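To keep things clear, I will list the structure first and then write my remarks on it.
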Amino acid sequence: MLGWHISVYRTSPPSAVPAKVDADRGALLAQWQGKLGALRWLGELAFNNSAVDLGGNGYPSIYTVRCDALRPVVLKGPPEANETWIHEPTDIIDRTVWKGKTFIDHDELNAVPGEEWLTVVAWDET
């Protein structure tokens, strides 16, 4: 599988300033498996100062993103999301973090204030 496993969390406690790389994660707001270009949107948000690349080498890569920038992108359908998640027959899958299909908690995501910074964790699945 060439792509990414992407999860969006509230930062705990919620914050109106960018999260730190070691910030505690709160509620899971969304999760999807994406193609190779699935992180491009985060780079665009960082260029516009709505996201910060906190680093990482894909195992994982961590970003912090303002909810008002992330929400419309995710709610219209996560970028480059695989409709059906893909895995190899020999993959060892932890079902506590790998849902097998796109998950978006619409109610929770819509309830987050726009100025709150969220944490995005992206695992390289290549």
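Evaluate Rg over Rh across the stretch 1-45, taking Cα atoms for both radii and Kirkwood's formula for Rh.
We get a ratio of 1.03 for the stretch 1-45.
Taking the chain as a Gaussian network, where each spring joins two C-alpha atoms under 10 Å apart, which residue of 25, 40, 66 fluctuates the most?
So, out of 25, 40, 66, the one fluctuating most is 40.
Could you point to the label whose value was computed as Rg/Rh (Cα atoms, Kirkwood Rh) for the structure here, given (1) 0.98; (2) 1.04; (3) 0.94?
Computing Rg/Rh (Cα atoms, Kirkwood Rh) and matching it to (1) 0.98; (2) 1.04; (3) 0.94 gives (3).
Under the rule of -39500 (n - 2.57) per DSSP H run of 4 or more residues, summed and divided by the residues of the chain, what mean residue ellipticity at 222 nm is obtained, to the nearest 500 deg cm²/dmol?
-5000 deg cm²/dmol
What is the fewest-to-most order of 116, 83 by other Cβ atoms lying within 10 Å of their Cβ?
The order, fewest Cβ neighbours first, is 83, 116.
Residue by residue through the stretch 79-89, what is 3J(HN,Hα) from phi via Karplus (6.51 cos²θ - 1.76 cosθ + 1.60, θ = phi - 60°)? Round to whole Hz and write x for glycine and proline.
So the Karplus estimates, Gly and Pro as x, are x, 6, 6, 6, 4, 10, 5, 10, 8, 8, x Hz.
Once phi is turned into ³J(HN,Hα) by the Karplus curve 6.51 cos²θ - 1.76 cosθ + 1.60 with θ = phi - 60°, what whole-Hz value does each residue of the stretch 6-21 show in order, with x for glycine and proline?
Result, ordered by residue: 10, 10, 10, 10, 5, 8, 10, x, x, 9, 8, 10, x, 5, 8, 4 Hz.
Just so you know, all these numbers are worked out from the coordinates, no wet-lab data involved. The structure presented is a predicted model; accordingly, all values stated were derived computationally and were not measured. Methodologically, a virtual Cβ is constructed for each residue, glycine included, from the backbone with ideal geometry; neighbour enumeration extends over all protein chains shown.
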